[in-house]
Amino acid sequence: MGFSTRQIHSGVTPDPTTGAILTPIYQSTTFVQPSVDEYLSKGFSYSRSGNPTVRALESKLADLEGGADCATFGTGMSAVTCTMLAFLNAGDHAIISDVAYGGTYRLCTKVLNRFGIDFTFADTSNPDDVAASVRDNTALFLTETPANPTMKCSDIAAISEIAQKAKAVHVVDNTFLTPYYQRPLELGADLSLHSTTKYMDGHNATVGGAVISKTEELAEKVRFIQNSTGSIMSPQVAWLTMQGCKTLSLRMDQQSANAMAIAEFLEAHPKVAQVRYPGLASHPEHELSGRQASGYGAMLWFEVKGGLAAGKNLMDNIELWTLAENLGSVESLVTHPVTMTHADVDAAERQRVGIIDGLVRLSVGLEDVEDLINALEKALEKA
């Protein structure tokens with residue numbers, strides 16, 4: 001079956017008691033067991049270890065990514081943390097994309113490094129740089145592609161080969177493109193990770209995370225850490241996320257079309273210094289993006305001539321676009337990463353990897369693209 005069919009029907013069956021077409025919200029701490037000898041005969045005992053509503057979402061996401069199993073979490077960062085705890089031990093080394101979400105950078109440099117784990121932030125858009133970073137104790141690769149916020153893209157297949165030679169697991173953060181556009185497991189990665197807060201939800205209604213594993217063995221390691229730490233998704237969030245998933249392909253296609261039109265408008269505007277969007281021929285990894293993904297997504301960034309001051313003026317005064325710290329929703333959002341999403345990244349490191357002070361990040365929504373462009377044009381006139 002096609003993706004759009006599966007995003008609606010996978011993991012979901014009518015309620016056996018009432019016939020309700022939507023999976024019920026099983027808001028229950030515990031589940032009654034028929035007898036001691038029949039413990040877990042119905043599959044559930046305690047919601048920290050499994051919940052029917054949550055399990056329905058996990059089945060859906062595993063199918064959409066083409067994985068063996070999925071574990072969902074309370075936040076995207078819970079998903080990142082549990083994945084690292086599942087595959088890294090004291091004395092291990094991990095290679096992380098040098099442009100990564102600020103929360104991932106903070107976790108590596110201010111939390112996990114305290115427990116004897118070393119991290120190298122490599123330019124994953126250059127497989128040679130990744131290969132040169134491998135050590136005898138390298139146990140995990142985390143590739144974020146496209147990267148937040150620079151939109152740098154990395155060759156998933158090439159890095160997967162390097163990881164396999166190192167006998168390490170390769171995790172890909174697939175939040176920006178979703179399995180509708182990009183399929184890391186088919187390209188050789190071992191795990192695909194998401195902040196479901198973003199496109200899976202799509203409506204600014206929840207926070208959540210997911211990790212889809214290629215094999216049951218990998219999934220068991222993730223689930224053990226999830227259960228041990230209690231990093232679970234609630235039934236209410238799972239239910240809302242399932243509803244969002246049903247329109248994922250429709251939203252991604254329209255939002256991506258809007259993003260392309262906006263990127264082309266910005267690239268031609270005399271007050272814009274530079275634009276980065278994988279769909280533009282000017283993007284350094286444009287060819288790679290077209291080869292490993294079926295769409296370019298709805299995220300982009302640009303810099304206003306005049307730098308930081310001009311960019312802040314635009315963000316403070318733009319209409320229709322909302323200044324907020326999220327992405328992937330039906331509402332169009334504008335963000336200043338240096339102040340907001342990547343404030344915890346050292347200033348020198350931000351400059352090294354291209355997160356410049358004047359970078360304006362756009363998450364393009366579902367509004368009429370003419371209205372979005374008009375709002376940008378008016379704001380640029382005042383910048």
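We did not get these values from a lab; they are worked out from the coordinates using the rules stated. Computed from a predicted model, the values in this text were never measured in an experiment. Quick reminder, even Gly has a Cβ in these numbers, built from the backbone with ideal geometry, and neighbours come from all protein chains shown.
The table for this structure:
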{"quantity": "Normalised contact order of region 69-196, rounded percent, pairs of Cα under 8 Å and 6 or more residues apart", "calculated": "25"}
{"quantity": "Potential extension, Val32-Ser282 segment - 0.36 nm per residue separation minus Cα distance", "calculated": "84.0 nm"}
{"quantity": "Fluctuation leader among Val130, Val99, Val111 - the chain, Gaussian network, Cα springs under 10 angstrom", "calculated": "Val111"}
{"quantity": "HN-Hα J in Hz across region 291-303 - Karplus 6.51, -1.76, 1.60, θ = phi - 60°, x for Gly and Pro", "calculated": "7, 9, 9, 9, x, 9, x, 10, 10, 7, 9, 8, 10"}
{"quantity": "Bridge type composition, region 160-293 - antiparallel percent by DSSP, nearest 5", "calculated": "65"}
{"quantity": "Cβ-based charge dipole, region 248-382, positive-most Cα from Gly306, Phe265, Leu327", "calculated": "Gly306"}
{"quantity": "Taking Trp321, Trp239 and counting other C-beta atoms within 10 Å, the order from fewest to most", "calculated": "Trp239, Trp321"}
{"quantity": "Entries of Lys60/Lys198; Lys165/Lys214; Lys152/Lys221; Lys312/Lys382 with Cα pairs more than 23 Å apart", "calculated": "Lys152/Lys221"}
{"quantity": "Simple spin-label estimate for Phe115 and Asp368 in nanometres, 7 Å along Cα-Cβ", "calculated": "5.3"}
{"quantity": "Theoretical ellipticity at 222 nm over the chain - DSSP helices of four or more residues, -39500 (n - 2.57) apiece, nearest 500", "calculated": "-11500 deg cm²/dmol"}
{"quantity": "Max mean-square fluctuation residue, GNM over the chain, Cα-Cα springs under 10 Å, options Ala163, Ala347, Ala147", "calculated": "Ala347"}
{"quantity": "Stretchable slack from Leu323 to Ala273, in nm (0.36 nm times residue separation minus alpha-carbon distance)", "calculated": "15.9 nm"}
{"quantity": "Relative contact order, percent, the chain [alpha-carbon distance under 8 Å, six or more residues apart]", "calculated": "17"}
{"quantity": "Inter-part distance where region 338-352 and region 42-78 are each reduced to a Cα centre, Å", "calculated": "33"}
{"quantity": "Magnitude of the charge dipole, region 3-245, Cβ model with Lys/Arg +1 and Asp/Glu -1, debye to 20", "calculated": "520"}
{"quantity": "Net length gained if the chain between Glu331 and Glu216 were fully extended (0.36 nm per residue, minus Cα distance)", "calculated": "37.7 nm"}
{"quantity": "Max mean-square fluctuation residue, GNM over the chain, Cα-Cα springs under 10 Å, options Ala238, Ala263, Ala293", "calculated": "Ala293"}
{"quantity": "Under-5 Å amide H pairs with Leu300, H placed in peptide plane, nonlocal only", "calculated": "Leu362, Val364"}
{"quantity": "Cα-centred dipole magnitude for region 248-382, charges only on beta-carbon of K, R (+1) and D, E (-1), debye, nearest 20", "calculated": "320"}
{"quantity": "The chain: antiparallel DSSP beta bridges as a percent of all, rounded to 5", "calculated": "55"}
{"quantity": "Distance histogram in 10 Å bins (all Cα pairs of region 3-54, percent per bin)", "calculated": "22, 42, 30, 6, 1"}
{"quantity": "Helix runs (DSSP H) in the chain reaching 18 Å along axis by Cα, Kyte-Doolittle at least -0.5", "calculated": "52-65, 248-268, 369-382"}
{"quantity": "Label corresponding to Kirkwood radius over Cα pairs in Å when calculated from the structure given, among [x] 25.6; [y] 21.4; [z] 22.2", "calculated": "[y]"}
